[in-house]
Amino acid sequence: MPVLVSLGMLVAVVSSLGAPLIPTIAAEDHVAVSTAQWALTLTMLVGAIATPVMGRLGDGPHRKNVILTGLAVVLVGSLLAALPLGLTCLLAGRALQGVGMGLVPLAIATARDALPPERARSAVATLSLTTAAGIGLGYPITGLFAQYLGMYAGFWFAAATAAAAFAAAVIVVPAAPSRPSTPMDFPGALLLAGGMAALLVTLAEGERWGWGSARLLALAVAAGVLLAGWVLHSMHSTHPLVRVRLIKDRGVLVANLTTMVGGVGTYLLIALVTRYVQTPESAGYGFGSSIVVTGLLLVPFSAASLVTGRLVRMLGTAATPARMLPLGCLLSLAGLVCFLLARSSLWGIGTMMALAGLGVGVTFAVTPGLIVGGVPAQETGSAMSFNQVMKYIGYSTGSALSAVILQAATDPGAALPANDGYRNAGLAGCAAFVITGVLAVVLTRTGTRLRPSVVAAGHIAPVATADRTRPEPSRP
């Protein structure tokens, strides 16, 4: 378990190296902030493409090799980014680091196969929380390195982390169970890669290109066409990259929708907080805090999410999705309401982040169990990878949405938005969590009743035979 968790924490470290360093990268390489933003966008873009491919490759007998290859690519990318060779080299390294985002689904699939059921259920929940909890640890560590050791120190730290994780994985991670190899769906991979690339670039460049520009609209249409083509291809392919038919399982559908829409609110909140507390007090709001202080404000978010995930598991069969998912949305909503009403002190913002962490902990402790319980064992890596892609779409949308709303609240020629911009962005985040809560209530309380979360209920779905392509119906 410590080695599997270290893989999730590595993903968190790699992810956290982007956002706090964007202003520093812009100043160091003498480029616009919008250009430096690609240090974050490229990582998420490559991660969204690599994750389902790694998930499919990892569902066969070569999972350990896929994990080791992914770690090696992250190590090379970290070394490239750590070398002071200019923006191009840094962006190439950040792109390679994005491959690491595909490691968490493989770690979850490994836990399901290698651990006894009573340990596997807690392992799945813990691993699902590592990326969210790691944000609160990665941000202050990144800020500490950037402030006292220079911009490139954080990338050297990521390289050391990747090297340690690689060595531990070689020794500890077991080989996957003997299963037939599944042919790689190259047409599906190309369609999904093209569609995800077009979608994420649309979200990332909307503010700079203009949301009504012809090339942005063309890119958005291309994203829709490619993703629709990928769905149709997957429905008729013998060995698709992701078995889209499995997504129709009620539990899998609930998990993916709540992950995506909830991800919008979560990342919007994080983007607002990190920008707000660093705003100089001369703007009439903000605290002019350093990167280190900004990162420390996210620690309560991480601590609360980990503690709550453990509490959910202790509730046992009482932790049904119909109860836990709306509760998680309500807690996250309460965190954003606190941001709207009590953002005049750092203590208030820290408390608000802890409340939001409680909501994320509840949600992330339940959704992986819904997926694991709704798909055959040999599809775990692929299904969890698709859930990660939904999360990246939500995160990218939340980040873009915060930028758009704050930009709209910025007067022409002004460098900073008006305080009302944060209020409007907070209201948008509230709407995201309300929508997530409504979806959770509707989908868990209508039709066939969902069984308790696999994570909480104390069992893992039985390993399916190799020729099983559809899950059994959910039972009470």
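Computed extension gain for Phe186 through Asn65, at 0.36 nm per residue and net of the alpha carbon distance, reaches 41.6 nm. Placing dummy labels 7 Å off each Cα toward the beta-carbon, the span from Trp347 to Val438 is 3.8 nm. Once the Cα atoms of helix 103-114 and of the chain are each reduced to a long axis, what angle between those two axes, in degrees from 0 to 90 to the nearest 10, is obtained? With rounding to tens, the tilt is 30 degrees.
To the nearest 10, the accessible area of Lys391 is 10 Å² with a 1.4 Å probe.
In this structure the chain gives 38 Å² per residue of accessible area when probed at 1.4 Å with all protein chains present. Compared with the dominant principal axis of the Cα atoms in the chain, helix 63-82 is inclined by about 10°. Its alpha carbons considered, the range 48-200 gives a radius of gyration followed by a Dmax of 16.8, 51 Å.
Once the Cα atoms of helix 38-58 and of the chain are each reduced to a long axis, what angle between those two axes, in degrees from 0 to 90 to the nearest 10, is obtained? For helix 38-58, the angle is close to 0 degrees. Across the chain, the mean sequence separation of Cα contacts (distance under 8 Å, 6 or more residues apart), normalised by length, yields a relative contact order of 22 percent. With the biggest extent put first, the Cα atoms of the chain measure 64, 46, 45 Å across the principal axes. Using alpha carbons only, how many angstrom separate the centre of the range 323-360 from the centre of the range 230-248? The range 323-360 and the range 230-248 have Cα centres spaced 37 Å from each other.
With helices as the sole contributors, the chain gives -25000 deg cm²/dmol at 222 nm; each DSSP H run of n ≥ 4 counts as -39500 (n - 2.57), and the sum is divided by every residue. Within the range 391-407, name every residue whose backbone N is under 16 Å away from a label modeled 7 Å from Cα of Asp420 along the Cβ vector. Output list for this probe position: 405-407.
The values are calculated or read from the model by the stated rules, or taken from the named source; none is laboratory data. Keep in mind that what you see is a predicted model, and the values were worked out from it rather than measured. Because the Cβ atoms are built from the backbone with ideal geometry, glycine has one as well, and the counts that use them run over all protein chains shown. Accessible surface is based on the protein model in full, side chains and every heavy atom, while ligands, DNA and RNA are left aside. Shrake-Rupley method; radii C 1.70, N 1.55, O 1.52, S 1.80 Å.
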